[in-house]
Structure formats: C-alpha cells, structure tokens
Amino acid sequence: AYVNGGYNGIFIYNFDNNTFYAYDRACTCDYNHAPLVYDEKSRTLRHQDTVANCSSVFSVALQGAVQSGPAKFPLRRYDVLVYDGRIRVVNYLY
C-alpha cells in the first residue's frame, strides 16, 4: 500500500501476514526523482520511467537494499507497529 508521509510517500509491504515493512518511496540516489513504485513480480521498488530517473532497484524483502543501479544506500526504513488489527508506521529518533 502507498500512504502519505516521508519524503516521496511511504510504501507498506505485508511480508508474511504478521510482518510488515515500510519504506520511503524516495530514491537514495536522488531524492528529486519521481516516487518509486512497487514491482510485484520482482518484489522491488523501482522507477517507472528509467529514462527520466535513474535505474536503481531496491529489494523490499531485503530491508530496502540496493539490487542494481547507481544508488549506494538502502531505502529509508520506518518502524511498523501492529496492534488490535491496526498498522502504525512510526519514525523513531534514536
């Protein structure tokens, strides 16, 4: 699911019905690029338009790690709390 928040929006991924991951949809190569979109077949976040944006691809199941492209850093990950059938995305400052 896509929700408001973060720099370019937040993507929430249901890993196994009990585990959820949330990532910023901003490419770590250049935050000014268009928001990343989810590719269900490869379970990655990537740019729809690789001509106007970079070709960086990020793994959703591997904590936002860079799979390919010029990006050097993983996606910004948010904490996800699940309670009473609700999901809450939080940004804790440590």
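Here is how the numbers come out for the structure above:
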quantity	calculated
With every protein chain in place, the chain: carbon and sulfur % of accessible area (1.4 Å)	48 percent
Tyr92 versus Val3: modelled label distance in nm, points set 7 Å from Cα along the beta carbon direction	1.7 nm
Global form of the range 29-77, assessed from the alpha-carbon gyration tensor, a/c cut-off 1.5	oblate
Heavy-atom accessible area per residue - the range 15-94, 1.4 Å, Å²	66 Å²
Span per principal axis, largest first, for the Cα atoms of the chain (Å)	43, 29, 21
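The values are calculated or read from the model by the stated rules, or taken from the named source; none is laboratory data. None of these values were measured; they are calculated from a predicted model. Please note: Cβ atoms are built from the backbone with ideal geometry, for glycine as well, and neighbour counts cover all protein chains shown. In case anyone asks, the SASA skips ligands and DNA or RNA and just uses the protein heavy atoms, side chains included. Shrake-Rupley method; radii C 1.70, N 1.55, O 1.52, S 1.80 Å.
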